[in-house]
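The values are calculated or read from the model by the stated rules, or taken from the named source; none is laboratory data. From a predicted model like this one, the values you see are computed outputs, not experimental measurements. Note that we place each Cβ from the backbone using ideal geometry, even for glycine, and neighbour counts take in every protein chain shown.
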Amino acid sequence: MPIAFEHVSHIYNDGTPYRHVALEDVSLELAEGKITAIIGQTGSGKSTLVQHLNALLLPSAGKVLILDRTIEAGSQPKQLKSLRGQVGLVFQFPEYQLFEETVLKDIAFGPKNFGVSEEDAAKKARTAMQMVGLGPEFEERSPLELSGGQKRRVAIAGILAMDPAVLVLDEPTAGLDPQGTEQMMSLFHRLNRESGKTILIVTHDMEQVYRYCDEVVVMEQGKPKLRTDVQTFFHDSSLCRELNILPPALIRMKDMLRENGFTVSDEISDVNGLAKELARQVKRHG
Amino acid sequence: MGNFTLGRYLPLDSPIHRMDPRAKIMGMLLMLIAIFIPSGWIGYGIIFVCAAGTILLAKLQFGFILKSMRPMMIMMIFLFIINCLVIHTGEPLFVIGPVVIYKDAILQTLYIVVRLLLMIMITTCLTATTKPLDMTLGIEDLLKPFEKIHVPAHEIAMLISIALRFIPDLIDETQRIIKAQESRGVDMKEGKMQERIMAILSLIVPLFVSAFQRAEDLANAMEARGYAPGEKRTRYKVLKMAGRDYTLLLCCTAVLAGMIWLSRMS
Amino acid sequence: MALIEVKDLCFAYEGDNLAVDHVSFSVPEGQYVTIIGHNGSGKSTVAKLLAGLLEKKSGSIVIDGLELNQKNLHQLRSRIGIVFQNPDNQFIGSTVRDDIAFGLENHCVPQEQMDDIISEFSTRVGMSEFLDKEPTHLSGGQKQRVAIAGVLAMAPKILIFDEATSMLDPQGKDEIKRVIMDLHRKSGLTILSITHDIDEVTSSDNVLVLAEGKVALTGTPAEVFSQEKMLKKIRLDIPFSLKLADELNKRGVSVNRELTMEGLVKELCRLHSNM
């Protein structure tokens, strides 16, 4: 079952002077079992879009199909809770949702809300801690005393402990240093490849999109402007430039080399490959 | 929050909007005192006419005022019931079950309702026409003379203006945390007692943590830009009283005097 | 004498290990220095110490020939401006105009002069058309530009940016980086910028690398990025062109370790046509 939006609109504060159309007639399918990046400028509707996936926001018009459910405009969906367990949504700066006395309790909070017993919730929490790379020594510490990066991992573990089939992350690496970003992204990559979770990431970071994602959805003024696979999207810089996005360094370099008379094949997707190719060309010349 | 109109500023252009906040605050205080003088129905009638006139001048709609009354409704009904049970003077009017309702119970309640209505009308004339920041400037200026008896006028004003500045941010933050916790299966609207307590905790604790973080950041930002409480500083916005402001004060004083006279007469 | 002289600076948060551990460095007037390091390496603490927001444990900070201490604090504060990370939490006024005025009020600038100063510095950061806007109607990048204007209005000699771009979207980051570069070039301000942005680091005059509260490396960007081993040890990222140059060198193609892609492409073209 793919995730689909059918003619979905979302209007904030309808009927007041502050009326704002955040999504306008969005029809979109998202691939299952893949990592999809949702990109676009601030205010393009990315966050509004993803908040429909666990029915935090309900469509003003149209319908959202997710897992085996249909969320339609105008009807109050039943059993919202179980949907929220299946679609885990991690907000921007999720460290601001921690509140329990210990890390373990905070991570177990989600599963417990979904009716899992105390012991099972703790078990799930421990597994989730392992996934995000937090050792057992963190279990009894207060989440409020951890460093920024650690707090964020606790928050993400809190969602993972619910064992959702779909994981949605709104700018999960914002404010992290490059090392923290790297760890976070490779975690999502592993979750996708090892347990087949569908992952959606709202992000501005093209380097990460290029390295870790499979598909790209570009949002523009409340509408999906483009949906394609990452290889096509970053084939060269032209699409990025058109959308006013800075392409990843590798793509910029490849373009620059092409402009200067080098031949660079499309398949090259990392520094090593590029160096190999360039070495061959320069040496053959000599 | 959308329907909560009490105390909200309405950005319109009217003579009342352009008045000096100090004159408006003083005027409001005089009128509030006038309401509490037992001047009888004639007095209330006069105050009502004055307040209604100001509302018209300020281009406010009466619907806006009525909306502001709404949060008070439950309180008033409660008050009416209590009065009916407690007050046993005046003529008995009618009987509901075991309870006899007396005339004074109705009159007493009506008095309070009318006073409340007048108070809301008058305070709305101030709050709906004065920008929050102008209000704090006005308060600061009015409190200035009391600095001699160690009332920290500037600090109070700074406190209020910063609170006002961060209210929208805190509302956003609250909504974000609610959504984040709902994503973790929290039900903010229903559930057993135990669940509800956890739900509230899961909102309150993060809200406090982030408010403290904000306060720390803010303190650093203010200090770095040379702010030191109690130090001398200049002020960018200067208030000036004009003819219409003095007229307002004169009118309000006249109404107050009139009420005192009326209460003496009866 | 350099504008900023820091010697053996130490600082510890309550009951903790040294967050800043015998840090020494100096910054000549007019330089643009970037400070890099992981979260928790002590970067922000150094910034707060320089701005007099924290009190050092030992060591000395001399700014413009004056030792920074409780007595000189107020005097020095007008010479150092600092822009913080979170755009919302440093916007104090209720409008752009009021926010820029806030610092002026604190420094007892006469009221009659304020409007001119506000208009001058809001223009400098490109915010002159937004003077009466409230912060809720501004983007993150715009709020940070207001913060810069507010700091500039106090005519500082030193500007510190404490991860001022890290919470912004790419557009906002670009806006702020452009403003910083512009200030550096046109007004000769001394700039200290704490950042994770590799492009910003390569365009600065000098780099200070902090790791676990200590100075790990200092020098020009080229010098710092040539310390491969050290950088690898503290796991800091290097510019893409350097990564590629290193890989090429490994494969027997000897190229200069250029800091920019343009430089490297030129280098490769030279090889391509020479041989």
Discussion item. Return the residues of region C:179-221 that are assigned to a loop (DSSP other than H, G, I, E, B), under 17 Å from A:Asp177 (Cβ atoms), in contact (Cβ under 8 Å) with a residue 40 or more places away in the chain and acidic (Asp, Glu); say none if nothing qualifies.
Written reply: C:Glu212
Fill in: Unique match (being surrounded by 24 or more Cβ atoms within 10 Å (Cβ to Cβ) and in contact (Cβ under 8 Å) with a residue 12 or more places away in the chain) among C:Leu131, C:Leu138, C:Leu159, C:Leu104
C:Leu104
Worksheet item: Can B:Val86 be described as over 18 Å from the mean Cα position of the chain (by Cα) and modelled with pLDDT of 90 or more?
Response: no
Discussion item. Please verify whether A:Val217 is β-branched (Val, Ile, Thr), in a strand (DSSP E or B), in contact with a strand residue (DSSP E or B) (Cβ under 6 Å, 6 or more places away or on another chain) and over 17 Å from C:Met261 (Cα atoms), treating the condition exactly as stated.
Written reply: yes
Worksheet item: In this structure, does A:Gly74 turn out to be over 27 Å from C:Asp237 (Cβ atoms), in contact with a strand residue (DSSP E or B) (Cβ under 9 Å, 6 or more places away or on another chain), in the same structural domain as A:Val26 (by TED's automatic domain parsing) and among the small types (Gly, Ala, Ser)?
Response: yes
Worksheet item: Does C:Asp64 qualify as being closer than 23 Å to B:Met158 by Cβ and charged (D, E, K, R)?
Response: no
Discussion item. Condition first: out of contact with any helix residue (DSSP H, G or I) (no Cβ under 7 Å at 6 or more places or on another chain), within 14 Å of chain A (Cβ to nearest Cβ) and assigned to a loop (DSSP other than H, G, I, E, B). Can you find one or more residues in region B:196-212 that meet it?
Written reply: no
Worksheet item: Just checking, how many residues over region A:18-42 are away from chain C (no Cβ under 14 Å) and of a type outside the set (A, V, I, L, M)?
Response: 9
Worksheet item: Could you say whether any residue in region A:51-67 is within 9 Å of chain B (Cβ to nearest Cβ) and more than 30 Å from A:Ser147 (Cβ to Cβ)?
Response: yes
Discussion item. Residue pairs, Cβ under 6 Å, 6 or more apart or interchain, first in region A:165-183 and in the same structural domain as A:Phe91 (by TED's automatic domain parsing) and without any contact (Cβ under 8 Å) to a residue 40 or more places away in the chain, second of a type outside the set (Gly, Ala, Ser) and assigned to a helix (DSSP H, G or I). List them.
Written reply: A:Thr173/A:Thr181; A:Thr173/A:Met184
Worksheet item: For C:Gly40, all conditions in the list (1) modelled with pLDDT under 90; (2) buried (at least 20 other Cβ atoms within 10 Å of the Cβ) hold save one; what is the number of the exception?
Response: (2)
Item to complete: Confirm whether C:Gly37 is touching a helix residue (DSSP H, G or I) at 6+ places or on another chain (Cβ under 9 Å) and within 30 Å of C:Met127 (Cα to Cα).
Response: no
Worksheet item: Just to be sure, is A:Lys283 surrounded by fewer than 21 Cβ atoms within 10 Å (Cβ to Cβ), more than 10 Å from every other protein chain (Cβ to nearest Cβ) and farther than 30 Å from C:Val201 by Cα?
Response: no
Item to complete: Could you check how many residues of region A:241-262 are farther than 18 Å from C:Glu247 by Cβ and not small (Gly, Ala, Ser)?
Response: 11
Worksheet item: Taking interchain pairs and intrachain pairs at least six residues apart, which have beta carbon atoms under 6 angstrom, with the first residue in region C:77-93 and more than 7 Å from chain B (Cβ to nearest Cβ) and the second among the aliphatic types (A, V, I, L, M) and part of a loop (DSSP other than H, G, I, E, B)?
Response: C:Ile80/C:Ala51; C:Val83/C:Ala164; C:Gln85/C:Met167
Discussion item. Yes or no: region A:258-271 includes at least one residue that is within 11 Å of chain C (Cβ to nearest Cβ) and in contact (Cβ under 8 Å) with a residue 40 or more places away in the chain.
Written reply: no
